[in-house]
Structures are given as structure tokens and as C-alpha cells.
Amino acid sequence: MIYCGIDWAEHHHDVALVDDTGQLVAKLRIDDTAAGYGTLLDLLAEHGDTEQNPIAVAIETSRGLLVAALRTGKRQVFAINPMAVARYRDRHGASRKKSDPGDALVLANILRTDKAVHRPLPQDSDLAQAIAVLARAQQDAIWNRQQLSNQLRSLLREYYPAVLEAFANWQNGLCRPEARAVLAVAPTSSRAASLSRAQLRSALKRAGRTRGIEVEADRMREIFRGEYAHQPPLVEDALGKQMLALLRQLEAACMAADDLAEAVEEAFPQHPDAAVILSFPGLGVQLGARVLAEIGDDRDRFADARGLKAYAGSAPITRASGKKHHVGRRRVKNDRLNHAGHLWAFASLKASPGANAHYRRRRERGDWHAQAQQHLFNRMIGRLFHCLQRGELFDEQTAFPSLLAEAA
């Protein structure tokens, strides 16, 4: 058996091949180009790499063109955590020396000695990988949009409280097109106080609003002409220019989030697992795509539902030593899937009587809101695992039989 380890970098990659005894049989440095990838594949072929029996590869990343080139066919690629590699490196020397060829050798020996305890990258379909790219990008765009919105709100509090009062009752607040349109024409409180009803109506129409324009224009005009504290004129103008710069960033973030949401809505329904995922209460297209992006469609990725629950961070973790016994939340988890799970559990409370009854029972036992939601997410994602394995849609009676009977 031959094992391969690759220490990757931005411009080049170091490759090491070892045999069953740990003897180094080949080492190579390749460029981060198509020619370099071809040289690597030729080296693997020289040492027995075939389509039926490919050589396993260990590397410290799960993304990039190099990983895509290695994942052709049935080859197993193991993404080893860099912290784990550092621990393995210390097993063979006390000097703590480090080099790129040495790290490649360490990675190859990790597969030689402990391949069974490491998990290869899942063999997801191309469509699932594409949905993962879109769903994660859309989630990042939403987080970026919220961060910019918070920065803009903090800035407006320093010199422009009237506009925050005007948008207080609007859902999504500063992220709404109407709010951005009004801020564009009224960057300061002095400019807002001089706006006419016609100008406010025009701003709302440009933002796409079709109802209640007259009422909103009158309401905002009254607020803008109220009594508020002001910064000195020069300072207020400078803060207004800073606000417009932030507003342009927020506009771009909102457009990116909307465009990526449309792309997700187009791609996700094409996946065979979409019908099963959307049958679960609380999961729509966007949230369902995030769940699929993190669990993938490789049926062999998780041995059982417990593995998926641990990966999602919904299952508690036990630490026991002697007389000490502690059960707490899991910190090492997929943060994206865990975040989507809490949104899923919260949305399912209104969509599923069984989920609501489960949540209420946990609260009656003394759980906090977050704890009860985590218990509900743990149950729902376990049910999702079984439905995906068997190709079944969600059934309320099967998921919560006893709870529904008690509620009846």
C-alpha cells in the first residue's frame, strides 16, 4: 500500500509518498497549475494508482482546484485538521522543527497509521456541491448585510435619530429598499427636514412601494420636522458623507443577497432530495438548501443518525472522569448547520403541532428556550436522516406519535 500526503501552499505544493513500513518512496514539489496537477497524477500512477485501486491522499484543506483534481474517480481525499497535523508532528520529534516536505511526510504517515479514524471527503454530486456554494454564499451575504446594517444604525444614532424613528416600525429596517431610498435623498437631518411630500413620495415609488405611499410620506415628513438634537453643520455634513459611503456598501450587500437567493431558488428544487427536505415543517427553499449544503447527498457519509446529530452540534456531549460527570453542549460542530437548525426549530413551532408539543414539554421540564429548541432540532434532524436514507416524506404521526396523542 502507498499513502500520499500533500502540504499545500499558495504557489506550490509538496508531495510525499510512503509505503506500509513508513519508508519514503517518492517526494516532489509541484506548481499550483494544471501542469503541476498533471505531474502529481502521473507520479501517483507510477506507484500503482489505478481507477479501481486509487491511492488515498491526505491534505490540510477541503477546497480548491488541487482537491478538485484529486477527487476524480473513486480516490479518497482526507482533509486533516492542521491542529491534528501539529499533534502528529510532535509524536516523532521533540525539537518541534517544521518544513513543508516534512509536513507532507507527516500527512502521509497519518493515513498509514490512523486512516480508520479519519473521515474522507464525501462523494457528493456536482449538483449538491453547486447548491452548497450558492447556499453558503447567500448565507454569507445575509450576514454581511446585517453587519453593514448594524454599522449604519450605529452611525445614524450619532447624528440622525429622526430617521431611526421613521423606520422603527418597518420590518428589516434599514435593509428595506424604501429606507435606502430615503437615506439617499436625505443623508442628514437638515436635508430631511427640507424634503417635501412630493420628494418623499418619489423616493418611496423608486424603491418599489405601491401601497400606502401618501400615508407614509406624511408620517415621515412629520417626524423629520420634529425637534431633535443636531451636530454642528460641518460635522453633520461630514457624517452624512460617511453614511452615504456605508449606504452604498449596504446596497451592494442587499443586491448580492437577493441575487444569490434567486440562484438558490432555481438550483435547489432540481435536486432529488429537495422533495424530502421541503416536506419537513419549518424548512423552505433557502433554509432547506442550507441544510442540504452541509449534509450533502452522500448516503455513506454518516453511519447513523447519531453521527449526523454530532456533526450538527445538536446532540449533547458527555465528559466523565471518576466521580465527575458532565453533560453539556457540543462546541466542535458545523456552525452553519447548527445555525440553520435553530432557525428550523423556531419555524417548525407554528408549522407542526408535534414539534410545538415537544418544545412545550421540554420547557415544562425546566429547559430554557435555546435548550428546548436544541432538543427539537436534535429530534428533527434525526428524523431527516431516516427519511433521506429511505426516500420517505415527513409524516407528523410517525415523528411525534405520543405527543400528538397527548395533545388530542
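The values are calculated or read from the model by the stated rules, or taken from the named source; none is laboratory data. A quick note: this is a predicted structure, and the numbers were derived from the prediction, not measured. Note that we place each Cβ from the backbone using ideal geometry, even for glycine, and neighbour counts take in every protein chain shown. Keep in mind that these areas ignore ligands, DNA and RNA; they rest on the heavy atoms of the full protein, side chains included. Shrake-Rupley method; radii C 1.70, N 1.55, O 1.52, S 1.80 Å.
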Considering only region 305-338, state which residues are open to solvent by 70 Å² or more (accessible area, probe 1.4 Å), more than 12 Å from residue 378 (Cα to Cα) and modelled with pLDDT of 90 or more.
335
Any residue in region 55-68 that is surrounded by fewer than 18 Cβ atoms within 10 Å (Cβ to Cβ) sitting within a Cβ distance under 7 Å of a residue that is in a loop (DSSP other than H, G, I, E, B) and hydroxyl-bearing (Ser, Thr, Tyr)? List the pairs, counting only those 6 or more apart or interchain.
67/61
Is it the case that region 116-129 has a residue that's among the acidic types (Asp, Glu), assigned to a helix (DSSP H, G or I) and at pLDDT 90 or above?
yes
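Table: residues versus (1) on the phi < 0 side of the Ramachandran plot; (2) buried (at least 16 other Cβ atoms within 10 Å of the Cβ); (3) touching a residue at least 40 places away in the same chain (Cβ under 8 Å).
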| position | (1), (2), (3) |
| --- | --- |
| 82 | yes, no, no |
| 89 | yes, yes, no |
| 112 | yes, yes, yes |
| 116 | yes, no, no |
| 126 | yes, no, no |
| 141 | yes, yes, yes |
Counting only residues in region 340-362 that are open to solvent by less than 30 Å² (accessible area, probe 1.4 Å) and among the aromatic types (Phe, Trp, Tyr), the one nearest to residue 139 (Cα to Cα) is identified as 344
Test set (1) open to solvent by less than 30 Å² (accessible area, probe 1.4 Å); (2) at pLDDT below 85; (3) not in a helix (DSSP H, G or I) - residue 403 fails condition number
(3)
Region 91-110, subset assigned to a loop (DSSP other than H, G, I, E, B) and open to solvent by less than 60 Å² (accessible area, probe 1.4 Å), residue nearest to residue 44 (Cα to Cα):
99
Going through region 368-399 in order, the residues found to be out of contact with any Ser or Thr (no Cβ under 7 Å at 6 or more places or on another chain) and among the polar types (S, T, N, Q) are 371, 373, 389, 397, 398
Show me the helices (runs of 4 or more DSSP H) found entirely inside region 185-251 where at least 1 residues are touching a residue at least 40 places away in the same chain (Cβ under 8 Å) and crowded, with 16+ Cβ neighbours inside 10 Å.
189-193, 213-224
